[in-house]
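Colleague: Structure incoming, see below.
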Amino acid sequence: MKGHARSLAVRIALSFAVIVCAVVGMVGAALYHATNRALSTRADYQLIARVEHFRSLLHDLYTITEIEARPRLFETMLGDSQDVIVFRRPGSTPFINVNPAHMALPPLSVVPVARRVGLDALYEGKRPDGVRMRWVAAQARIGNSGEVVEIIAAHVMTQEARVLSVYLMRVWITVLCAVLLTLALAYWVTSRGLMPLRLMAGKAAEISPNRMSTRLEVARAPAELQGLAASFNAMLDRLEHGYARLLQFSADLAHEVRTPIGVLIGETQVALAHERSAPEYRGVLESNLEELERLARIARNILFLAQADHGQKHIDRERIDIRRELDAVAEYFEGIADERGITFEVEAGGELVANAIMCRRAISNVVVNAVRYAQAGTVVRMRGHEDADGACIVIGNRGPRIARDELARLFDRFYRGDAARSESTESSGLGLSIVQAIMRLHDGRVSAQCTPDGWVEFTLRFPCGVQSPVVPA
Ligand SMILES: Nc1ncnc2c1ncn2[C@@H]1O[C@H](COP(=O)(O)OP(=O)(O)O)[C@@H](O)[C@H]1O
Ligand SMILES: [Mg+2]
């Protein structure tokens, strides 16, 4: 997997290198452009100054004959060995012609004697090899004679071009160095920055079913990773809790089925020890059947709980009349209630939204407990009403106070109180777990409390039926 995935550090370093390349490149280009402009402007002003200088020389100092006698004088005044200076009478051949590259003179409009040479008089040109040139032409008066000559001057920007090409080279080298340096630094910095991630991975790798207690250090993680570390720890908490429950559950399950299986084996062995009569065999089989039914019931209940735990149970909900439901349950348990001299008192109204079968099962499980664990000869109170949050059913019976920590454990799988354990055949300790699972499936909840005036109360709270579509009853 590692081979395919591109490293985050490499990715970040590359991104930074691209950014730096763009930024440095842009700055370099801008500076190059500015330098180019500055050099050109300076060259232009120099060219203009030179022409003006020649104009005043011609006017103040020299006659044409004197100039013709010293052609080299003007050559030394030029800016570049390639520069051009041409003096001529209008329309005739030049009397001074410094033009080392023998360039053809472009058509130029000549600045008249009366006007100063300005930037607007300059012409842009190119030497055949591509180097830029600036041309200018101006008239000059010789002394006071009134004779006018044309000065044509040109500057070849060879030096400027050389400076610029060196400059360009430097820009490229700078960009290259910046990119390489950024790559190296960004990679180093990011690798260091990602260290906590690697530490976290190391910690996570230590976790196994036997070592579930390891946790990531949230406080020491960088801000960006704290959320991840916290979620990871929360996930571990849930896993650890679930794992512990699973261990407890399998231990309880083994414990629970061991007794009936032991009884089955014992009775069968005893029966097989001697030749028995048919009624004796029948007796053993009947007793065995009872144990087997008990085992089957446990298996069914465990299967139900397992499915509920996995959220595999699909539930169709419908509207249920609370009063009618409680009456039906009371009627069903009238027989066993009578045996203990217990009567029901139903006080209910409104509707609730739930799965009919599961709702009946949950209420029955609570009511059968109430009947079984209530003091003989008392009343079991069944109340129910609809309210803004949904509906609420409270089953109460008179009985001894239950300690607070025991109250919470009543809903644990296989938990049984002392009274339940003594009459072991009926009780398996799964009844309230199933109630809880059913209430969870309905997004509701169940709770138990003891009131100060001696009631043990179980409250089933059903939410409004808005979450899932309601099938009309
Ligand atoms: N109404 C009640 N009054 C007193 N104790 C109760 C009541 N309902 C449940 N319990 C206690 O909770 C335990 C768990 O109940 P349950 O899960 O239904 O298992 P079971 O009824 O099979 O023992 C019971 O063994 C009993 O000790
Ligand atoms: Mg029960």
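Colleague: Helix 322-332 against the longest principal axis of the chain: what's the angle in degrees, Cα atoms only, rounded to the nearest 10?
Modeller: Once rounded, the angle reads 40 degrees.
Colleague: Hey, what did the stretch 266-364 get for relative contact order, percent, Cα under 8 Å, at least 6 apart?
Modeller: Relative contact order of the stretch 266-364: 28 percent.
Colleague: Have a look at ALA49, LEU14, LEU432 and report the one farthest towards the positive end of the charge dipole of the chain, computed about the Cα centre with Cβ charges (Lys/Arg +1, Asp/Glu -1).
Modeller: The Cα lying farthest towards the positive end belongs to ALA49.
Colleague: Right, here's the next one. When DSSP beta bridges are limited to those with both residues in the stretch 342-457, what percentage is antiparallel, rounded to the nearest 5? The partial results should precede the final answer.
Modeller: On the way: 12 of 18 bridges.
So the antiparallel bridges in the stretch 342-457 amount to around 65 percent.
Colleague: For the Cα atoms of the chain, what angle does the longest principal axis make with the long axis of helix 158-193, in degrees from 0 to 90, nearest 10?
Modeller: Between helix and principal axis, roughly 20 degrees.
Colleague: Then there is this: For the stretch 28-43 and the stretch 355-380, compute the distance between their C-alpha centroids and round to whole Å.
Modeller: 96 Å
Colleague: Could you state the angle between the C-alpha long axis of helix 431-441 and the longest principal axis of the C-alpha atoms of the chain, as a value from 0 to 90 degrees rounded to the nearest 10?
Modeller: Approximately 30 degrees, to the nearest 10.
Colleague: Within the chain, what percent of beta bridges assigned by DSSP are antiparallel, to the nearest 5?
Modeller: Numbers: 50 of 58 bridges.
In the chain, approximately 85 percent of DSSP beta bridges are antiparallel ones.
Colleague: Follow-up. Provide the packing ranking of 17-27, 42-52, i.e. peptides ordered by the mean count of other C-beta atoms within 10 Å per residue, highest first. Let's see the in-between values first.
Modeller: On the way: 17-27: 14.8, 42-52: 17.2.
Going from most to least packed, we get 42-52, 17-27.
Colleague: Tell me the relative contact order for the stretch 170-272 as a rounded percent, counting alpha carbon contacts under 8 Å between residues six or more apart.
Modeller: Relative contact order here is 15 percent.
Colleague: Here is a follow-up. Note down the relative contact order for the chain as a percent, whole number, built from C-alpha pairs under 8 angstrom at least six residues apart. It would help to have the intermediate numbers written out before the result.
Modeller: Numbers: 611 pairs, mean separation 53.0, N = 473.
Once normalised by length, the contact order is 11 percent.
Values quoted throughout were computed directly from the atomic coordinates according to the rules given, and no laboratory measurement underlies them. Just so it is clear, the model here is predicted, and its values are computed rather than measured. Cβ coordinates were reconstructed from backbone atoms using ideal geometry, including for glycine residues, and neighbour counts include every protein chain displayed.
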